[in-house]
Amino acid sequence: MIYRPEIDGMRAVAVVPVILYHAGLKVFSGGFVGVDIFFVISGYLITSIILEELSEGKFKLAEFYERRARRLLPALFFMMAISIPFSWMWMLPAELKIYSQSLIAVTTFTANIYYFIQTEYFDIEANLKPLLHTWSLAVEEQYYILFPIFLILTWRFGIKLILFILVFVFLLSLSGAEIFSRKTDWMPIAGFYLLPTRGWEILLGAFVAFYFFKYPKVRTNELLSLLGILLIVYSIFLFDKDTPYPSFYTLYPTIGTVLVIIFSSKGTIVYKYLSKNILVGVGLISYSAYLWHHMLFSFARIRFDNTLNSPWMVLLGFFSLFIGFLSYRYIEIPFRHRKERNLIGVKSNVFYLALFMVLFLMGFGFTGYKTNGFKQFYLDNRLSVDELNIFKLVNRHTQYDFINNMFNDNKCTFWNKSVTDTLIKKFNKCSRTNTKAVIILGDSHAMNLFNIFGKTNIHPFIVGISRGGCRIHDNHQTCHYDKFNEFLINNSEKIRLVIYHQSGHHLIEGGFSEAQKPVTINNDSNYRFSEKNVNGIFRYLNELSKSTESVWIGPFVESRIDFKNFDEIFKNLYIKDSTIQIFQELDKFIKNRYDDQLTKNQNFVYWPLNEKLLIDRNFIRIGDCITYRDTDHFSRCGEDIVANILKPYFKEFSE
């Protein structure tokens, strides 16, 4: 296969936006499309090699797998091995257990399946998973386990039949991606991570390989090659986390990549710039740079409590390119070219070294998982007696799965992320035997509020419809508000009132890190309250109040305590006075700023939660209860305490 330097240039165009996106640069809001560019390039290059060898009768499946292993595994395993000591030093046992599971998943090429079960890619917490980015490698490897076998079995029947089958699979995969991206609950996450809805992107590159197999010469078309670059640039700068993805939108960067591959011949402007030495050089190290960048970012965020700003993260991104160069020069090249015999010697040594690394990584991962992140070793060797007691208390109340601990009375108080068929069926069943329903709508704080309401036992029919990261003013297309509007129109006569609740820190501008995760809010911060976001909430709830009574229960005082920071939990386990003051001022801002508007609409009420709850600096610990599970959510025992305090006040919502 003839070397094309512009393809390596395209790899640079793919990897740099991914790095800058993960660094937190908002201008590269669609930088994640670099992965799609990689998929198309990979499909083109690998399929070209397979077709060439099949046509010459030289293709051997075992040798193909060996080449893939030499290409991917050494740099991957080395990065994973280096990540282990940092995880040991900087992770708490609960985090180390999750990390250990990810080691097993990556080693077995099932990282995409594991992260589908565990993670939403665009969540803030995803940035703290060092091996998250390996999901794309798993997709590729799953594809390349199946694809060459398919070609071997169908080659005798001719390329027309092969293409007919592949086009059918392509359309099925693309359609699945589009359908899954428009749904709610688990489907968009599945669409993002899994092969059936990602395979079409690699197939798109494979179709380019089939095209060149028949017409070997690269076409010259200045306009179409430029259009390809424009489609990619458009995606990088105008897509964001709210863009349904992968979906038909993904055709922008993938078709753009196809146009560049087919039409960027020597002499075109695109070829001229993509084949420049600096882009080719970055392209050559792109695989290693991709492996290292997210791991470095994650551990930096873990070590510095998610407070590093963009300049530091960008600097770390450049450092990942340097590490990528070292990995390419001293890991990738020697292992890829076994005849050179430097570092690794003969072929058998490669096999034994790979086997050793698999056993080592799997062994550490399995041990970390079975010992709950080496928890006992941590307790015995790293903490004093007093610290150990505090740690056990904090760990008991903070380390649990929020979603799997939602209140459910197994009757007619139930919760779901969105309006699903299951929810509608249960709602209709309960509405036939109960009074009208109370609906609790919002983000993950509304999940807290739903649990609190359920524990008060003041109303027999309470339905929670809420999802983490989904607030009215965020306008996420995967959120539940549009579906709820339709649900309300069809069921308004069965609903007593709708209660809306969300996190307060998303109504505060300033006092936040670049990652939008406030660690400390204090009076020195250059903060202000978001009139835009508050306006958006009031517009939405005013509209809802035309169908049923609507209540906005105001935000509660958040702890703003990082329970992973030992200095905080061992020395400063209290809520800062400045934090309490800011949330009290937020309440006043909402009440005073919109008081005239509120009194005009008797069917819509703002209910200031903090006036009833009266959280003070010592609220963080009441007896043996740590009342918060993280910086901004109540713990299970915290919900119990708040439910007891608010029960007399909540009775008005059941009357």
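FRET efficiency for the Val167 to Val27 pair, using the beta carbon distance and R₀ = 56 Å, is estimated at 0.90. Look at the alpha carbon pairs under 8 Å that are at least 6 residues apart: their mean separation over the length of the chain gives a relative contact order of 15 percent. Surface composition of region 19-73: carbon plus sulfur atoms contribute 63% of the solvent-accessible area (1.4 Å probe, protein chains only, all chains present).
Shown in residue order for region 151-162 are the 3J(HN,Hα) couplings computed by the Karplus curve 6.51 cos²θ - 1.76 cosθ + 1.60 at θ = phi - 60°: 5, 4, 6, 10, 4, 5, 8, x, 5, 4, 5, 4 Hz (x for Gly and Pro). When the solvent-accessible area of region 538-577 is split by element, carbon and sulfur atoms take up 45 percent of it, the probe being 1.4 Å. Taking 0.36 nm per residue of sequence separation and removing the Cα-Cα distance, the Arg67/Asn410 pair yields an extension gain of 118.0 nm.
Treating each Cα of region 240-399 as an identical point scatterer and summing with the Debye formula, the log10 of I(q)/I(0) at q = 0.20 Å⁻¹ comes to -1.28. Solvent exposure of the chain amounts to 44 Å² per residue of accessible area, where only protein heavy atoms count and the probe is 1.4 Å.
Each residue of region 66-83 was assigned a 3J(HN,Hα) from its phi angle through the Karplus expression (A = 6.51, B = -1.76, C = 1.60, θ = phi - 60°), giving 5, 4, 5, 5, 5, 6, 9, 6, x, 5, 5, 5, 5, 4, 5, 5, 5, 5 Hz with x at Gly and Pro. Distant-in-sequence amide contacts of Tyr500, defined by a placed amide H-H separation under 5 Å and a gap of 5 or more residues or a different chain, comprise Leu441, Val551, Trp552, Ile553.
Taking Cα atoms, how many degrees apart are the long axis of helix 310-327 and the longest axis of the chain, rounded to 10 and kept between 0 and 90? Tilt of helix 310-327: around 30 degrees. Computed over protein heavy atoms with a 1.4 Å probe, the carbon and sulfur contribution to the accessible area of region 372-502 reaches 46%. Using the Cβ of Phe78 as centre and a radius below 14 Å, the other residues enclosed give a net charge of +3, where K and R count +1 and D and E count -1.
Using only side-chain charges placed at the Cβ, +1 for Lys and Arg and -1 for Asp and Glu, the dipole size of the chain relative to its Cα centre rounds to 1620 debye. Once Rg and the Kirkwood radius are both taken over the C-alpha atoms of region 417-513, their ratio Rg/Rh works out to 1.00. Couplings for region 294-303, taken from phi via the Karplus curve 6.51 cos²θ - 1.76 cosθ + 1.60 with θ = phi - 60°, read 6, 4, 5, 4, 5, 5, 5, 5, 5, 5 Hz in order; Gly and Pro are left as x.
When DSSP beta bridges are restricted to pairs lying wholly in the chain, around 20% turn out antiparallel. Amide H to amide H distances under 5 Å link Ile508 with Ser530, where only residues 5 or more positions off or on other chains count and H is placed in the peptide plane.
For Thr413, the residues 5 or more places off, or on other chains, whose built amide H falls under 5 Å of its own are Ile462.
The equivalent ellipsoid that matches the C-alpha gyration tensor of the chain spans semi-axes of 48, 30, 23 angstrom, in descending order. For region 42-110, the spherically averaged projection of the C-alpha convex hull amounts to 5.6 nm².
The values are calculated or read from the model by the stated rules, or taken from the named source; none is laboratory data. Note that this is a predicted model, so its numbers are computed, not measured. Note: ideal-geometry Cβ built from the backbone for every residue, glycine included; neighbour counts use all protein chains shown. Surface accessibility is based on the protein's heavy atoms, side chains included, excluding ligands, DNA and RNA. Shrake-Rupley method; radii C 1.70, N 1.55, O 1.52, S 1.80 Å.
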